[in-house]
Amino acid sequence: MHDQISRLFEESVELNFELYNSLFLTLPLDAVQQAGHLLPLLSQSCHRGLDQHMSPHEIISAFFERHKPGFSEQEQIRFLFRVIQYVERQVVLIDALEDAAYARIHRTEGRNSLLQLFERAASDGREEDLEELLNEFGVRVVLTAHPTQFYPGPVLAIISDLTRAIARGRTNVVRDLLQQLGNTPFFQKQKPSPYDEASLLTWYLSNVFYTAAGEIADNIAQSCPSAVGRNHDLVSIGFWPGGDRDGNPYVTADTTRRVANRLRASVLNCYYQDLKSLKRRLSFAGIFEKLDAMEKRIHKEMYKEEGEPELHVVELLSMLSEVEERLRRNFQSLYLDELLSFRRKVQMFGFHFASLDLRQDSRVIHRAVQGLAGRNPGLLPDALDDRDEAEQVSALLSVTGDCDTGGFDDPVLQDTLESTSIVRDIQQRNGERGVHRYIISNCRGPVDIARVMALFRLCGGGDTVPVDVVPLFETIVDLRQAGDAMRRLFEHEPYREHLARRGGRQTVMLGFSDGTKDGGYLMANWAIYTAKEAVTAAAREAGVEVVFFDGRGGPPARGGGDTFMFYAALGRNIESSQIQTTVQGQTISSHYGHRQAAVHNLGELLAAGLDNNLYDRPERELDALQRTLMKDLAERSYKAYSDFREHPLFVPYLEEMSTLKYYGMANIGSRPVKRGNDDRLVFEDLRAIPFVGAWSQLKQNVPGFYGLGTALKEQEKYGRLDACLDLYQRSRFFRALIANSMQSMSKTNFALTRYMRSDPRFGEFWEMIHDEYCLSREMVLKVSGQQELLEDNPRSRLSISLRERVVLPLLVIQQYALMRIHECREEDDEVLLETYEKMVMRSLFGNINASRNAA
């Protein structure tokens with residue numbers, strides 16, 4: 001199997017890359033003409049130079065001395081920028097080649113996981129159990145605008161067209177698209193607004209998710225038609241752009257309203273196009289006219305003036321039911337499948353398309369409540385913050401009134417208050433699913449949840465809170481306390497009444513990114529696992545169904561990696577009636593960038609969740625000894641990572657030796673790279689994306705492995721290595737952790753920064769990182785029994801290898817530019833300093849985009 005996948009990847013991707021890359025060299029592009037023919041020599045110089053322990057500065061200088069000895073520094077700079085442009089586009093070519101070969105290298109044409117599950121359930125006589133599960137189970141992927149991939153909209157469109165042309169073998173079209181790509185800018189001159197980010201992601205909704213989710217529902221309906229008809233949340237999409245205001249002052253109530261309108265317009269356009277297609281087949285008397293009337297009504301709805309009567313989804317579904325009845329009665333159900341397929345999509349997407357989530361930091365919410373209380377004496381008990389938790393929660397849950405939300409000087413506080421009042425407006429227009437969750441970042445416990453309840457009761461226009469209030473637990477301390485926090489919350493009768501009105505379901509979000517930043521890779525994953533168990537126990541005691549929403553990022557260090565493996569590893573002590581997860585950046589484009597990928601990956605999530613609920617598997621459960629070992633590993637890893645994080649050079653190293661600060665200079669997202677306005681960098685205010693990204697640009701990937709090697713080595717020291725080997729063989733959860741950490745380590749290249757070893761200030765610190773990497777690599781290979789990282793996953797291994805090989809000149813150029821920046825500061829050369837800083841920023845794009853397979 002592994003040999004076959006390797007052969008397919010080499011044939012479909014690697015060989016075609018060489019073919020189409022040679023085509024690149026024939027194009028009349030400045031980057032190609034000025035750098036293309038020298039790029040192989042530069043790449044060779046980089047590989048050879050790093051092998052010979054040369055620094056990036058020495059490699060680039062030696063290259064120019066040998067191949068362009070007459071170049072001035074300005075000419076050298078222009079050449080290096082051309083190399084960056086060229087390599088950026090090589091990465092796009094790899095993306096398109098992998099997308100075009102997706103079905104082959106992922107073997108999607110065979111019996112996929114979802115189909116296999118249905119077949120097994122039938123053979124085991126579990127069809128009724130599966131159908132019952134399908135009535136309630138659901139998968140929700142939530143699109144976020146977090147900047148973990150830097151392709152602007154036009155480049156994403158070219159990738160899509162390039163993928164189709166490659167798949168069809170249309171070389172002339174590929175050539176034209178490569179030339180278009182060469183002339184299309186990658187760098188954004190201005191930061192995108194939150195609305196721009198939302199508009200970009202609606203492309204995926206209209207062009208991928210609408211079709212893919214419909215196809216999955218159609219496939220399932222062949223076996224369980226009634227279940228699909230009843231469960232409108234079998235596959236659903238969430239949406240953060242326009243609603244996520246945590247640390248983003250540019251998201252306002254007006255932004256949220258505009259994005260909701262954009263989502264409504266987008267799904268109406270999809271329905272309009274489907275109705276036009278249906279009319280071509282259902283041309284029968286009495287039916288064609290009905291569909292034509294629907295099409296005209298939808299079209300009018302898309303362009304109607306404000307104040308005109310609105311169409312509601314119930315009316316549309318009623319009209320479709322009438323057409324179905326006539327088709328069955330009078331026309332032998334001809335083309336009925338096409339009609340039912342359309343209706344399923346209407347049931348899934350309503351008039352909201354994707355559910356907007358509102359999100360804000362608990363500290364901002366606290367200030368908003370204080371602001372209202374300050375304006376309205378007697379609204380809350382005096383010195384409420386000084387009282388015990390139970391008193392605070394009781395007071396907040398019982399508060400009533402209708403407060404004036406205008407006139408606050410602080411725009412963030414003003415928006416926090418206004419955002420609660422727009423929920424009912426959006427629900428009235430787009431349906432209840434249009435916006436029905438409020439997520440509390442940095443949630444500490446019941447008081448934070450009660451404050452949100454109070455805000456809605458005071459500002460939202462009514463005593464009934466029209467949203468699910470979702471705590472987000474992220475730090476290791478908060479994750480450890482999550483179970484007790486929810487148990488204490490469930491003790492309050494007013495909150496239980498709120499849950500009863502919301503269907504008896506409590507959603508709890510757990511954040512991988514900040515958990516890893518706070519506690520390191522192994523502890524973050526173990527803390528989330530045990531938090532899920534503790535919250536599940538608390539919910540079951542209270543008779544509440546808990547749904548977990550996972551904040552997973554692109555790379556494994558932010559909760560990414562093999563998502564299917566992660567969800568397939570959850571045991572019975574963890575509630576899994578739903579799978580909900582964020583997807584962002586390269587995760588969206590690699591997993592959901594085209595129909596085949598989206599159908600495959602949505603199907604994998606469904607299969608993992610349904611299988612978890614349908615079958616008991618010993619490898620999902622941890623016995624007492626395994627649990628003790630996991631806890632010990634996590635604690636030892638946490639100790640190693642915490643000591644490292646608290647090193648006095650930790651933050652200075654990131655500030656001075658990495659690209660951390662350049663994330664804020666690059667126009668890659670609307671949100672600031674850190675919380676707070678203090679110029680001084682504080683670790684706690686640092687956002688996870690630039691934190692993980694900075695380590696990735698250094699090719700050190702610290703958050704994906706640090707502490708793991710130390711923890712495993714100490715087990716070996718105390719004679720418990722065999723227990724770790726046994727845990728790897730018997731626990732799917734532990735195997736998933738090791739596999740995803742391997743992926744992070746596969747993308748390291750310490751030769752790139754070996755020159756730092758001799759730095760008088762940071763040399764020992766670099767050695768500390770390198771030593772832990774070597775130890776982690778040694779130990780994961782020993783525990784897994786593999787000879788090389790990702791030996792059992794050739795598709796990922798080969799993809800990473802190809803991308804790392806292609807992007808190496810970009811990495812060397814970036815380190816060269818960072819070294820020159822230090823020299824320019826010493827020489828007080830502001831002009832060159834600014835130029836090399838631009839070089840660092842430009843190299844960010846290709847380096848991150850090349851890590852697409854981190855998802």
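The values are calculated or read from the model by the stated rules, or taken from the named source; none is laboratory data. This one's a predicted model, so the numbers in the text were calculated from it and none came from an experiment. Neighbour counts are summed over all protein chains in view; Cβ atoms, including those assigned to glycine, are modelled from backbone coordinates with ideal geometry. Each accessible area value is taken on the protein alone, full model and side chains, heavy atoms only, with ligands, DNA and RNA left out. Shrake-Rupley method; radii C 1.70, N 1.55, O 1.52, S 1.80 Å.
How many angstrom separate the Cα center of segment 55-77 from the Cα center of segment 431-507?
59
Give me the one-decimal nm value for the distance between modelled label points at Arg730 and Arg328, 7 Å along each residue's Cα-to-Cβ direction.
Here the answer is 5.3 nm between the modelled labels.
Please name which of Leu278, Tyr663, Met768 has its Cα lying farthest along the dipole of the chain towards the positive end, using unit charges on Cβ (Lys, Arg +1; Asp, Glu -1) and the Cα centre as origin.
The residue sitting farthest along the positive end of the dipole is Leu278.
Does segment 757-817 classify as rounded, prolate or oblate by the C-alpha gyration tensor (a ≥ b ≥ c root eigenvalues; a/c under 1.5 gives rounded; else a/b over b/c gives prolate, otherwise oblate)?
Working: a/c = 5.35, a/b = 1.25, b/c = 4.28.
Oblate.
Return the whole-Å distance between the Cα centroid of segment 588-630 and the Cα centroid of segment 731-797.
25
Under a point spin-label approximation (7 Å from Cα along Cα-to-Cβ), what is the Arg761-Asp484 distance to one decimal in nm?
About 4.2 nm, to one decimal.
Leaving ligands, DNA and RNA out of it, rank Thr475, Thr202 by accessible area with a 1.4 Å probe, largest first.
Details: Thr475 35, Thr202 5 Å².
Highest to lowest solvent-accessible surface, that is Thr475, Thr202.
Using the Cα gyration tensor of segment 489-604, with a ≥ b ≥ c the square roots of its eigenvalues, what is the shape: rounded (a/c below 1.5), prolate (a/b larger than b/c) or oblate (neither)? Write out the running numbers ahead of the final one.
Details: a/c = 2.23, a/b = 1.57, b/c = 1.42.
Because a/c hits 1.5 or more and a/b exceeds b/c, segment 489-604 counts as prolate.
Segment 88-104 to segment 281-341: how many Å between their Cα centroids?
40
Give me, ordered by chain and number, the residues 5 or more places off Arg359 or on other chains with an amide H under 5 Å from its own placed amide H.
Asp244, Arg245, Asp246, Ile439
If you stretched the chain out fully between Val831 and Asp129, how much longer would it get, using 0.36 nm times the residue separation minus the C-alpha to C-alpha distance?
Values: separation 702, 0.36 × 702 = 252.72 nm, distance 6.95 nm.
Result: 245.8 nm gained on full extension.
Does segment 693-750 come out rounded, prolate or oblate, given a ≥ b ≥ c as the square roots of the eigenvalues of its C-alpha gyration tensor, rounded meaning a/c under 1.5 and, failing that, prolate meaning a/b above b/c? Walk me through the numbers before you get to the answer.
Numbers: a/c = 3.47, a/b = 1.80, b/c = 1.92.
Judged from the Cα gyration tensor, segment 693-750 comes out oblate (a/c at least 1.5, b/c at or above a/b).
Tell me, in nm to one decimal, what length is gained between Ser206 and Thr26 on full extension, where the rule is 0.36 nm per residue of separation less the Cα-Cα distance?
Details: separation 180, 0.36 × 180 = 64.80 nm, distance 3.56 nm.
Here the segment from Ser206 to Thr26 would lengthen by 61.2 nm.
Skip the ligands, DNA and RNA, and give the accessible area per residue of the chain with a 1.4 Å probe, whole Å². Can you show the working numbers first?
Details: 32740 Å² over 855 residues.
Accessible area per residue, the chain: 38 Å².
In the chain, what percent of the accessible surface is made up of carbon and sulfur (1.4 Å probe, ligands and nucleic acids excluded)?
Values: 15490 of 32740 Å².
Heavy-atom surface of the chain belonging to carbon and sulfur, 1.4 Å probe: 47 percent.
Please identify every one of the GluC sites (Glu not before Pro) in segment 45-143 that sits in a loop by DSSP and has no more than 14 other beta carbons within 10 Å of its own beta carbon. Please report the intermediate quantities before stating the final value.
On the way: sites: Glu58, Glu65, Glu73, Glu75, Glu88, Glu98, Glu109, Glu119, Glu127, Glu128, Glu131, Glu132, Glu136; in loops: Glu109, Glu136.
Sparse-neighbourhood loop GluC sites (Glu not before Pro): Glu109.
Pull up the DSSP beta bridges for the chain and report the antiparallel fraction as a percent, rounded to 5. Let's see the in-between values first.
Working: 1 of 37 bridges.
Beta bridges within the chain, antiparallel portion: roughly 5 percent.
Based on the mean of other Cβ atoms within 10 Å per residue, sort peptides 435-448, 225-238, 242-255, 167-180 so the most packed one is first.
Details: 435-448: 23.7, 225-238: 19.2, 242-255: 21.9, 167-180: 15.6.
Put in order of decreasing packing, that is 435-448, 242-255, 225-238, 167-180.
Going Cα to Cα from Lys296, which lysines come in below 18 Å? Please leave out same-chain ones fewer than 8 positions away.
Counting by Cα, and skipping residues close in sequence, Lys296 has these lysines nearby: Lys276, Lys279, Lys304.
Per DSSP H run of at least 4 residues, take -39500 (n - 2.57); add these up for the chain, divide by its residues and hand me the 222 nm value, nearest 500 deg cm²/dmol.
Numbers: 39 runs with 527 residues, N = 855.
Computed ellipticity for the chain at 222 nm equals -19500 deg cm²/dmol.
Using a 10 Å cut-off on Cβ atoms, rank the peptides 29-41, 353-365 from the highest mean neighbour count down.
Details: 29-41: 16.9, 353-365: 23.8.
So the peptides 29-41, 353-365, ranked by packing, come out 353-365, 29-41.
Would you mind listing how long segment 124-256 runs along its three principal axes, going by Cα atoms, in whole Å with the largest first?
Here the spans come out as 58, 47, 22 Å, largest first.
How high is the FRET efficiency from His2 to Lys300, r the C-beta distance, R0 51 Å, rounded to 0.05?
Between His2 and Lys300 the formula returns 0.35.
Strictly over 30 Å apart at the Cα level, which of Lys532/Lys661; Lys661/Lys717; Lys517/Lys782; Lys68/Lys838; Lys191/Lys699; Lys191/Lys345 would you flag in this model?
Lys532/Lys661; Lys661/Lys717; Lys191/Lys345
Once fully extended, how much extra length lies between Glu619 and Arg170, figured as 0.36 nm per residue of separation less the alpha-carbon to alpha-carbon distance? Could the numbers behind the result be given before it?
Working: separation 449, 0.36 × 449 = 161.64 nm, distance 4.70 nm.
Length difference between fully extended and current span is 156.9 nm.
Can you pull the accessible area of Val477 for me, 1.4 Å probe, Å² to the nearest 10?
Answer for Val477: close to 80 Å² accessible.
Could you check the spin-label model distance between Asp161 and Ser421? Points 7 Å from the Cα along Cα→Cβ, value in nm.
In this crude spin-label approximation the distance works out to 4.6 nm.
Ranked from highest to lowest mean number of other Cβ atoms within 10 Å per residue, what is the order of the peptides 654-660, 578-584?
Values: 654-660: 20.4, 578-584: 23.3.
In decreasing order of mean packing, 654-660, 578-584 become 578-584, 654-660.
Can you check how the C-alpha radius of gyration of the chain compares to 2.2 N^0.38 Å, as a plain ratio?
Values: Rg = 27.5 Å, N = 855, 2.2 N^0.38 = 28.6 Å.
Scaled against compact globular proteins, the figure is 0.96.
Rounded to the nearest 0.05, what FRET efficiency do Ser226 and Val314 give with R0 = 22 Å and r taken as the Cβ-Cβ distance? Could you check?
On the way: r = 20 Å, r/R0 = 0.90.
Efficiency computed from Cβ-Cβ geometry: 0.65.
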